[in-house]
1. GLU124 - would you say it is part of a helix (DSSP H, G or I) and not polar (S, T, N, Q)?
2. Can you tell me how many residues in the stretch 133-157 are among the small types (Gly, Ala, Ser) and either surrounded by fewer than 17 Cβ atoms within 10 Å (Cβ to Cβ) or more than 10 Å from the chain's Cα centre (by Cα) (or both)?
3. Is it true that some residue in the stretch 129-145 is away from the ligand (no atom under 16 Å from the Cβ) and either farther than 25 Å from LYS217 by Cβ or touching a Lys or Arg at 6+ places or on another chain (Cβ under 9 Å) (or both)?
4. Hey, could you check the stretch 87-113 for residues that are out of contact with any Asp or Glu (no Cβ under 8 Å at 6 or more places or on another chain) and near the ligand (Cβ under 10 Å from one of its atoms) and say which is nearest to ALA226 (Cα to Cα)?
5. In the stretch 15-51, which residues are β-branched (Val, Ile, Thr), surrounded by fewer than 16 Cβ atoms within 10 Å (Cβ to Cβ) and under 20 Å from the mean Cα position of the chain (by Cα)?
6. Where residues in the stretch 39-60 are without any contact (Cβ under 8 Å) to a residue 24 or more places away in the chain and among the acidic types (Asp, Glu), which of them is farthest from GLY117 (Cα to Cα)?
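Nothing in this text is a laboratory measurement; each read-out follows from the coordinates by a stated rule. All values reported here derive from a predicted model rather than from experimental measurement. Reconstructed Cβ throughout: ideal geometry from the backbone, glycine too, with neighbour counts over all protein chains shown.
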Amino acid sequence: MNFYVMTLFPEMISQVMGDSIIGRAAETGTISITPVNIRDYTQDKHKHVDDYPYGGGAGMVMQAQPIYDCYRDIVEKTGPAPRVIYMTPQGRVFDQAAAQSLAGEENLIFLCGHYEGVDERILEEIVTDNISIGDYVLTGGELPAMVMIDAIARLVPGVLNNRESAEYDSFQDGLLEYPQYTRPEEFHGRMVPEVLLSGHHQHIDTWRRQQSLLRTKERRPDLLAAAEQSGYLSPADLAYLESLQ
Ligand code: 4FD
């Protein structure tokens, strides 16, 4: 799977993605992450890529031409019409289901906005998905792009090894993960739950499932309601939740 990131700060992308598990997958060729510098496509003699907003007001607006030429150059490599994601507080909020849907694509293009935003006409012409990583404002779209690439890439077969497997993590079944413990058996007077030391795998599985349900009920009741609606919960799950009161 290939990720192209249209940005004014390409070194920010390569430096952050370079290390990490995702960077390792890029080295082995399972995925590729290609930052593309929008400024390389300016036709302005001073290499400007932004200008004052029509109608006045504070800040600068990124111009359509360099972004469009950058986009065309990427599409020449990918073939027809990959999805183009624009990270914006105005988008629908990114979640695990969105990550799963995007992980099925061969190529994805991310457009990172800055300043007061991007000329609306380029958004109309090339953007297929407006996505937000949460209800807050950042200085640029680069961090949201990298958050999304990390969440998507780890779902691509071969990116994670067995020990890192995404198969069983939080959200795969709409519930939060159960608590984990490692050595020692006692830390500051706190014991590892006895069932985990029992070697009784049936009991361990049941305890973990109940911990997931309890945690989701306490911390993210919205997710528990959604899991109930989607039929992710077994009769045993529902009986356990009922037993809580
Ligand atoms: N919540 C997000 C995305 C981008 C961003 C920007 C218009 C601001 C937060 C376009 C306004 C891009 C998010 C850059 N802040 N800042 O996903």
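1. For GLU124, the condition - part of a helix (DSSP H, G or I) and not polar (S, T, N, Q) - is met.
2. Matching residues across the stretch 133-157 total 3.
3. Looking for residues that are away from the ligand (no atom under 16 Å from the Cβ) and either farther than 25 Å from LYS217 by Cβ or touching a Lys or Arg at 6+ places or on another chain (Cβ under 9 Å) (or both), one finds none in the stretch 129-145, hence no.
4. PHE94
5. Within the stretch 15-51, just ILE21 meets the criteria.
6. It comes out as ASP44.
Residue by residue, here is whether (1) surrounded by 11 or more Cβ atoms within 10 Å (Cβ to Cβ); (2) under 25 Å from ASP95 (Cβ atoms) holds:
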| site | (1), (2) |
| --- | --- |
| ARG190 | no, no |
| HIS200 | yes, no |
| ARG208 | yes, yes |
| GLN211 | yes, yes |
| LYS217 | yes, yes |
| ALA227 | yes, yes |
| SER230 | no, yes |
| ASP237 | yes, yes |
